4 protein chains.
Amino acid sequence: MSNQSDLAETSRLEAFSDGVFAIAITLLVLELHAPVLAEGRQLWPALLHEWPQFAAYLASFAVLGIMWVNHHSLFRQIERTDRGLMFLNLFLLLWVTLLPFPTSMFAEHLKDESTNAHVAAAVYSTNLTLAAIAFSLIWWYVLRNKLVEHEMSRPQVRASVLRYSLGTLFYAAMIGVSFLSAKVTLLIAFLLAIYYAFEQVRTRD
Amino acid sequence: MSNQSDLAETSRLEAFSDGVFAIAITLLVLELHAPVLAEGRQLWPALLHEWPQFAAYLASFAVLGIMWVNHHSLFRQIERTDRGLMFLNLFLLLWVTLLPFPTSMFAEHLKDESTNAHVAAAVYSTNLTLAAIAFSLIWWYVLRNKLVEHEMSRPQVRASVLRYSLGTLFYAAMIGVSFLSAKVTLLIAFLLAIYYAFEQVRTRD
Amino acid sequence: MSNQSDLAETSRLEAFSDGVFAIAITLLVLELHAPVLAEGRQLWPALLHEWPQFAAYLASFAVLGIMWVNHHSLFRQIERTDRGLMFLNLFLLLWVTLLPFPTSMFAEHLKDESTNAHVAAAVYSTNLTLAAIAFSLIWWYVLRNKLVEHEMSRPQVRASVLRYSLGTLFYAAMIGVSFLSAKVTLLIAFLLAIYYAFEQVRTRD
Amino acid sequence: MSNQSDLAETSRLEAFSDGVFAIAITLLVLELHAPVLAEGRQLWPALLHEWPQFAAYLASFAVLGIMWVNHHSLFRQIERTDRGLMFLNLFLLLWVTLLPFPTSMFAEHLKDESTNAHVAAAVYSTNLTLAAIAFSLIWWYVLRNKLVEHEMSRPQVRASVLRYSLGTLFYAAMIGVSFLSAKVTLLIAFLLAIYYAFEQVRTRD
């Protein structure tokens with residue numbers, strides 16, 4: 001368990017995670033389908049009509065992109081890894097790899113007048129919430145097990161984890177919003193990605 | 001054949017394997033399909049009705065995730081590589097990349113009343129068994145050719161390989177269980193992934 | 001914020017980008033479909049008839065390949081990275097990952113007699129233009145923030161960015177050409193990739 | 001152009017290539033489709049009936065796997081890289097990424113009684129031949145430009161390139177065999193992969 005091999009282990013964990021993020025973000029495009037046109041129909045209005053799939057694509061791209069940036073910031077601070085961290089990381093990657101599925105379902109039902117739009121929005125929001133919870137668990141785990149260097153007291157650790165979990169609350173709130181308006185939910189997902197872009201983990205200030 | 005270049009070779013073998021694992025685990029999502037709804041039908045019950053595809057997704061995600069963790073542990077101990085190890089590793093990756101296919105077929109037939117559910121379960125179990133055999137072959141090969149540092153006697157090597165192959169027996173047993181119940185087979189696949197999560201290769205204790 | 005960790009950060013940014021480029025360029029093949037033949041029909045003429053999808057495949061492969069080479073040249077000169085660069089890089093990757101979609105739509109409509117061929121060509125050209133703009137923004141950003149080592153004066157920086165943006169103008173012109181001829185647009189996309197292959201960023205001459 | 005940065009460049013070229021190989025070899029599985037069964041039909045005979053897709057999968061997996069191993073051996077000897085090598089490498093990757101398409105078409109027509117089976121086999125063989133030519137071009141290029149260390153005379157270089165191109169002849173011959181028997185062609189593709197597994201580039205003996 002020399003420092004050397006532990007650093008190596010972290011780097012392979014990051015490489016694997018990078019791979020999964022890169023693939024998930026690129027697979028999103030497979031859920032985009034060119035409109036099937038009847039004879040003599042125009043392509044342009046048909047494309048505009050399909051705006052929900054582009055909006056959902058953009059939101060999920062932003063979400064996964066920011067998640068990757070934050071994963072990156074997080075793991076730059078982590079100095080050692082262990083089996084527990086590996087499994088928490090896999091738990092996070094589960095929700096990362098799954099995202100193209102609710103994204104596609106969300107896009108398909110976004111304009112439905114029925115409750116289906118709300119259900120699709122809620123499933124999408126739940127996926128994001130679970131990913132945010134996974135991030136919080138990782139942060140709590142690495143602080144508690146001193147896998148990052150820090151000299152925080154136990155209450156300070158708790159405070160740091162709580163601050164880090166703030167975003168999770170917003171995602172959880174999105175599940176509620178889903179039942180009010182699917183379109184507003186998608187907008188919030190996009191705006192939260194922007195928020196997360198500026199929110200950053202810090203052990204020292 | 002300096003040590004330097006051999007280490008480099010190992011790292012590229014790991015990078016390639018990481019890529020394949022990362023892609024296979026992410027491609028699983030492409031086998032998930034949102035339910036196609038008739039006019040006026042509800043999304044939520046249709047999603048619940050399709051639980052087999054989510055269960056199969058989760059099982060295969062766990063299987064591939066744990067396989068990656070164990071591949072990682074295994075190769076951290078391997079100090080040099082040669083052509084033989086490369087081909088054994090490719091043999092393992094063959095079953096890794098194939099897994100999305102039986103996963104999807106398993107999900108499709110899980111609720112069939114006919115023998116098709118049993119056949120799909122057996123094909124899935126056979127895939128996992130072959131992957132486990134590949135792991136055992138790699139372990140046996142690297143011990144025999146001293147690609148890991150160890151001072152085990154020949155009988156100790158045999159014992160280590162046998163211990164390592166225990167999981168293989170469980171997977172082989174799954175093929176038998178397939179003909180009793182497809183659903184129990186899927187559950188065992190998931191539980192075995194959890195078992196493998198705690199079972200770890202060690203040359204020294 | 002030691003030099004060490006900043007270099008590490010650059011390398012993970014490159015690894016993630018490499019992953020996205022590699023996946024996008026490989027996913028293009030999924031948009032190729034073997035012709036569906038009626039009983040007794042010949043495969044060879046059917047394949048020839050589908051030349052637009054192969055032409056579009058080749059053009060997009062060349063575009064993404066050259067983009068990767070230039071991304072590579074660019075980041076070899078970049079010594080440090082920050083959040084701003086990460087997001088500009090994500091903005092670039094957005095257009096990289098999206099490309100398989102307009103490629104497939106372009107191929108489908110290339111031989112249409114209607115305006116749909118022009119619209120598909122214009123969407124394709126817009127995607128390439130936005131990617132070129134992203135490259136220019138990155139170059140401007142890293143020069144301005146001294147993320148590459150250089151001793152250029154402010155006007156020299158402006159001149160370098162302008163020179164670098166020349167290709168962008170050509171891509172923008174492609175949007176105009178789209179409304180004249182879809183086929184010529186595709187040819188230009190391919191030729192511009194060749195042009196970009198020889199155009200190279202340099203801070204020192 | 002210090003040695004340091006050139007080594008770095010080689011490693012990013014390898015990382016990108018590894019990514020493309022890993023993705024192409026994993027995407028093959030997307031061309032496998034579970035048989036669609038009519039009510040009351042058996043899964044097992046339907047699977048056996050679809051043996052061509054599994055045979056084609058196995059052959060292409062072996063081909064891409066061995067190509068990766070040889071790419072790996074080749075680039076371990078290459079010490080520096082330049083733009084020319086990058087484009088030759090992209091030319092190779094073009095045929096690597098394309099392979100899932102002819103593989104799928106080959107599998108679909110393998111059992112056809114018509115000439116379509118021969119055409120599909122010839123397209124598949126042509127893809128492999130072009131990949132082999134790309135390998136030979138790379139070997140010739142790096143020897144001529146001293147991107148690998150060697151002290152061969154000009155005729156020795158020519159001899160080494162010729163020896164390296166032997167496999168290419170076999171692949172070219174496969175195009176001819178395609179018009180005799182599609183099934184034999186597939187078998188040869190698989191056997192050639194095995195042959196290539198033992199054929200290895202060497203600058204020194």
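Throw me the Rg/Rh for the protein assembly as shown, computed over C-alpha atoms with Kirkwood Rh, two decimals. Don't skip to the answer; put the middle values down first.
Values: Rg = 26.5 Å, Rh = 28.1 Å.
Computed over Cα atoms, the ratio is 0.94.
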Computed from every Cα-Cα pair in the range B:4-197, P(r) in 10 Å bins starting at 0 and rounded to whole percents is 9, 33, 30, 17, 8, 3, 1, 0
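Using a 1.4 angstrom probe, figure out how much accessible area chain D has per residue, in square angstrom, rounded to the nearest whole.
Details: 8650 Å² over 205 residues.
Ligands and nucleic acids excluded, the result is 42 Å² per residue.
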Using a 1.4 Å probe on heavy atoms of the protein chains only, the accessible area for C:ARG80 in Å², nearest 10, reads 80
Over chain C, the sum of -39500 (n - 2.57) across DSSP H runs of at least four, divided by residue number and rounded to 500 deg cm²/dmol, gives at 222 nm -25500 deg cm²/dmol
Of the convex hull enclosing the alpha-carbon atoms of the range C:131-180, the direction-averaged projected area in nm² is 3.5
Mean-square fluctuation maximum in Gaussian network of chain D, Cα pairs under 10 Å, restricted to D:ALA120, D:ALA24, D:ALA46, hits D:ALA46
Expected field for A:LYS183, accessible surface area in Å² at 1.4 Å probe radius, rounded to 10, holds 110
As straight-line cross-link partners of D:LYS183, the qualifying lysines (C-alpha separation under 25 Å, not fewer than 8 residues apart within one chain) are D:LYS111
The relative contact order of chain A, taking Cα pairs under 8 Å that sit 6 or more residues apart, comes to a percentage of 27
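Where the accessible area of the range D:65-193 is counted over protein heavy atoms with a 1.4 Å probe, how much of it, in %, is carbon and sulfur?
Values: 3310 of 4970 Å².
The nonpolar share, carbon plus sulfur, comes to 67 percent.
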Result for interface chain A to chain C, accessible surface buried in total, 1.4 Å probe, Å² to 100, stands at 2900
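The values are calculated or read from the model by the stated rules, or taken from the named source; none is laboratory data. It should be emphasised that the depicted structure is a prediction, and the values quoted were computed from it without experimental measurement. With ligands, DNA and RNA removed, areas are computed over all heavy atoms of the protein, side chains included. Shrake-Rupley method; radii C 1.70, N 1.55, O 1.52, S 1.80 Å.
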